[in-house]
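Only one structure is covered here, and it is reproduced in the block below.
What follows is calculated from the coordinates using simple rules that are stated; it is not laboratory data. Source: prediction; values computed, not measured. So basically every Cβ, Gly included, is an ideal-geometry build from the backbone, and we count neighbours across all protein chains shown.
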């Protein structure tokens with residue numbers, strides 16, 4: 001970065017025995033318990049599967065992952081760090097340092113995937129593509145510009161939209177491969193990243209809403225308008241980016257449904273109502289079930305056929321759940 | 001299951017709990033300070049009682065059959081998936097007996113633990129999971145649950 005980074009004005013020793021916001025502790029514990037490293041995932045088991053992809057499919061996959069690498073790099077080195085001076089509790093600062101570090105782990109994970117599956121030449125080509133693709137660069141620049149702005153709550157909006165929306169044009173692909181029993185270990189790794197991003201988006205969105213509590217009605221309206229404007233700007237670019245990537249394999253329309261679905265969740269993380277109607281968020285069930293085996297509506301009494309649900313199916317539970 | 005078995009005898013109810021406020025609401029829910037589940041329940045427009053945020057506070061006492069709404073977020077194994085406040089509430093035998101169904105809130109991005117707390121309670125208490133929704137629910141979720149609950153109580 002060329003400009004001087006704003007630092008926290010005054011630092012005091014952090015006291016974890018005096019908590020202002022319990023959510024800081026909850027999220028810290030959650031993130032620590034979720035900690036992982038790419039070395040834990042047996043990516044090399046995907047080498048054979050990788051060889052079954054066509055050259056176009058391989059190239060698409062490499063490009064998707066360099067795009068995700070760029071976003072994770074932005075989030076690690078600019079995004080999460082830029083939020084630290086805005087923190088209202090010392091524990092929030094600590095959580096943000098954890099988030100920044102995990103974003104670096106995510107960025108590095110894609111390199112683990114690359115080095116397992118592809119040649120140096122292919123890797124270099126994909127990184128070159130990432131620096132030359134206009135829509136990918138625009139996406140990173142839009143968000144980075146907002147991070148450099150002077151409004152703490154707007155920064156949180158940009159961050160939440162990145163965590164909860166902008167990654168998903170990329171996350172779609174490993175879920176797609178997984179639903180076809182391809183690159184399943186890579187998908188396992190990406191699911192760990194998705195889970196982390198969900199906690200990050202939830203937490204930063206929550207802090208945004210806490211910040212709104214003391215805002216005037218005018219200020220609230222300003223931030224709401226800003227959120228939707230930024231979402232539209234990012235969305236338009238995201239649609240272009242999706243076409244750049246997925247037109248060659250005919251998946252762009254399917255990916256867009258996934259974008260709408262996740263844009264709704266990003267808005268909800270910020271406390272706003274979902275915007276896209278269900279007619280355009282009907283994500284391919286195979287993708288949803290690759291994301292979460294529990295997402296199948298037929299398990300539900302209200303929305304399922306009625307015959308498919310079973311009362312009291314066996315669930316492994318920890319005694320700790322019921323023991324205090 | 002051991003904790004439940006012990007608590008089947010009311011006299012051994014945990015930590016000398018004080019009787020909390022009674023509620024005749026058909027919907028009882030837990031929501032953390034994020035208020036996501038709270039917002040969803042408010043949109044349903046049916047009488048609902050919120051469990052206290054702090055475990056140390058006296059929990060609610062249900063007085064009629066009800067549906068429970070609760071969130072799950074973010075664990076790997078689901079360990080501790082059910083919020084302690086809800087565990088305390090369900091360790092009251094009457095509350096457990098009057099429970100007729102569970103609605104789960106969560107996020108599919110949490111993979112296998114999506115709405116896990118609802119599954120755990122459904123299995124332990126032998127009631128159905130009625131519905132799952134994400135974050136604070138869309139308008140379609142609100143419509144489906146409103147309609148579903150109307151039919152459920154007939």
**OP:** For chain A, compute Rh as the Kirkwood radius over C-alpha pairs and then the Stokes-Einstein diffusion coefficient at 25 °C and 0.890 mPa s; write the answer in µm²/s, rounded to an integer.
**Re:** 117 µm²/s
**OP:** Summarise the partner chain shielding of B:118-126 as one whole number: the mean count of Cβ atoms from other chains within 10 Å of each residue's Cβ.
**Re:** 5
Original post:
Any idea what the relative contact order of region A:125-204 is, in percent, if you count C-alpha pairs under 8 Å spaced at least 6 apart?
Top reply: 27 percent
Subject >> Folded to 0 to 90 degrees: helix B:139-152 orientation relative to chain B principal axis, Cα >> reply: 50 degrees
Original post:
In degrees between 0 and 90, to the nearest 10, how far off the longest principal axis of chain B does helix B:116-125 point, with axes built from Cα atoms?
Top reply: 50 degrees
Original post:
When Rg is the radius of gyration of the Cα atoms in region B:20-149 and Rh is its Kirkwood radius, what does Rg/Rh come to?
Top reply: 0.92
Original post:
For the protein assembly as shown, what is the mean residue ellipticity at 222 nm derived from helices alone (per DSSP H run of n ≥ 4: -39500 (n - 2.57); sum divided by total residues; nearest 500 deg cm²/dmol)?
Top reply: -17000 deg cm²/dmol
Subject >> FRET efficiency estimate (nearest 0.05) - Cβ-Cβ, residue A:51 to residue A:97, R0 25 angstrom >> reply: 0.05
Subject >> Percent RCO, i.e. relative contact order, over chain B, from Cα pairs under 8 Å lying at least 6 residues apart >> reply: 23 percent
Subject >> chain A: relative contact order in percent, alpha carbon pairs under 8 Å with at least 6 residues between >> reply: 19 percent
Original post:
Looking only at other chains, what is the average number of their beta-carbon atoms within 10 angstrom of each beta-carbon in B:87-94?
Top reply: 1
**OP:** Under a 10 Å cutoff between Cα atoms, tell me which one of A:183, A:251, A:117 has the largest fluctuation in the Gaussian network model of chain A.
**Re:** A:251
Subject >> Shielding of A:191-204 by partner chains, average beta-carbon count, 10 Å >> reply: 4
